[in-house]
């Protein structure tokens, strides 16, 4: 890549922090789909730009959610946990 003289480019986006951000973003997306869709909050088609993670889209989803106190939001376990309690 060529640049004009005297212009420093930022370091490329790599490393463990980028991997962590990607993993967190993917996890948030999957949890959103698993927890929003069953409660009637529509999920956009696969090719929609709504799936691009942007703060605006997160805020729009929040505006459409039911107004519930945090303690009313409970997990819905879809399968048995992998971990077994110690005897």
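The values are calculated or read from the model by the stated rules, or taken from the named source; none is laboratory data. This one's a predicted model, so the numbers in the text were calculated from it and none came from an experiment.
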Exercise. How many residues, within the range 9-52, are at pLDDT 65 or above, more than 23 Å from residue 75 (Cα to Cα) and not in a helix (DSSP H, G or I)?
Worked result: 5
Problem set entry | Hits in the range 62-79 (condition: within 16 Å of residue 34 (Cα to Cα), at pLDDT 80 or above and either in a helix (DSSP H, G or I) or more than 21 Å from the chain's Cα centre (by Cα) (or both)) | 62
